[in-house]
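The values are calculated or read from the model by the stated rules, or taken from the named source; none is laboratory data. Model, not experiment: these values are computed from the prediction. Cβ placement follows ideal geometry from the backbone for every residue including glycine, while neighbour counts extend to all protein chains displayed. Protein only, heavy atoms only, side chains kept; ligands, DNA and RNA dropped before computing areas. Shrake-Rupley method; radii C 1.70, N 1.55, O 1.52, S 1.80 Å.
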Amino acid sequence: MKLEQILFSQGFGTRRACRALILAGEVTVAGALCDDPDMPFAVDGPACPKPLAFTVEGVAWQYHARAYLMLHKPAGYECSQKPRHHPSVLSLLPAPLRERGVQPVGRLDEDTTGLLLLSDDGQFIHRMTSPRHEVPKRYEVVTAEPVTAGQTAALLAGVVLEDDPAPVRALACEPGGSHALALTLTSGKYHQVKRMLAAVGNHVVRLHRSRMGALALPATLAEGQWRWLEPDDLAQLVVVGPASALRDQ
Ligand code: URA
């Protein structure tokens, strides 16, 4: 792929702007300055086993045909492209990622922290958010009232939320102290954890998503930081068999 096309595909502006950056000597590829916009580089296949490394105006980048990212979402950010009361999580990403159309995979509430995936691959977003695929999500919940055995039993058995007569149940519910529990859900309804806890007579005071599928938020990723998902990370998101099979074990 020509260098101009590489930059264009990675969100560095119009073809003309990408060309201008290259001609101005602002781009290096694999450690060497390249000021020829038409210079071809292998971006995948056997000639390029690792993502192509390049820099633009001194900032290091990797070529990715599609962007798959994880972000440690802090509180105080909305998972929306048009936020209403708080900044968008997209403001935590560098401009080229926003420019290439990266979007949150599902939503976390403004006050929820933890693992948020983002991508510019519409099929991936659909697959990860579709109720048919039931990717389990684990939430660490701090509650206002003590968590009782009756509450955890009800969360596992299923509770009815006001917008749907079909009960929703947790795949797993592990008490974590008097006012804490870890809840694993396979559906992603609006405010689902908060509404489920309210339905059993409790109240969420803190909510943190720690895991999606087998992919855990790494302890090394500080709040507000993002990183690319590696092929191993993506493999961890694949649910082998329907989650309902796990639930029935
Ligand atoms: N459930 C909620 O209530 N809020 C979230 O942010 C995620 C799940």
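Here are some notes:
- Its residue count N fixes a reference of 2.2 N^0.38 Å for segment 3-62, and the Cα radius of gyration divided by that reference is 1.02.
- Accessible area per residue (1.4 Å probe, heavy atoms of protein chains only) ranks 162, 145, 134, 99 as 162, 99, 145, 134, with the largest value leading.
- Projected label points at residue 189 and residue 203, each 7 Å from Cα along the beta carbon direction, are separated by 2.2 nanometres.
- For the chain, the mean residue ellipticity at 222 nm estimated from helices alone is -6000 deg cm²/dmol, where every DSSP H run of n ≥ 4 contributes -39500 (n - 2.57) and the total is divided by all residues, rounded to the nearest 500.
- Note on the chain: Kirkwood radius taken over Cα pairs, Stokes-Einstein applied at 25 °C and 0.890 mPa s, translational D equal to 122 µm² s⁻¹.
- Between 74, 49, 175, the GNM of the chain built on Cα springs shorter than 10 angstrom shows 49 fluctuating the most.
- Full extension of the segment from residue 129 to residue 153, taken as 0.36 nm per residue of separation minus the current Cα-Cα distance, would add 6.0 nm.
- Cross-link table 2/73; 82/137; 50/137, entries beyond 28 Å C-alpha to C-alpha: 2/73; 50/137
- Heavy-atom accessible surface of the chain: percent carbon and sulfur, 1.4 Å: 54 percent
- Charge dipole of the chain about the Cα centre (unit charges at C-beta), most positive-ward option of 201, 144, 37: 201
- Using a probe of 1.4 Å, the accessible surface attributed to residue 1 totals some 80 Å² when neighbouring protein chains are kept in position.
- Net charge contributed by nearby residues that have their C-beta within less than 12 Å of residue 115 (K/R +1, D/E -1): +3
- Exposure of residue 194 as accessible area (Å², to 10), given a probe of 1.4 Å and all protein chains: 50 Å²
- Surface analysis of the chain yields an accessible area of 52 Å² per residue, using protein heavy atoms and a 1.4 Å probe.
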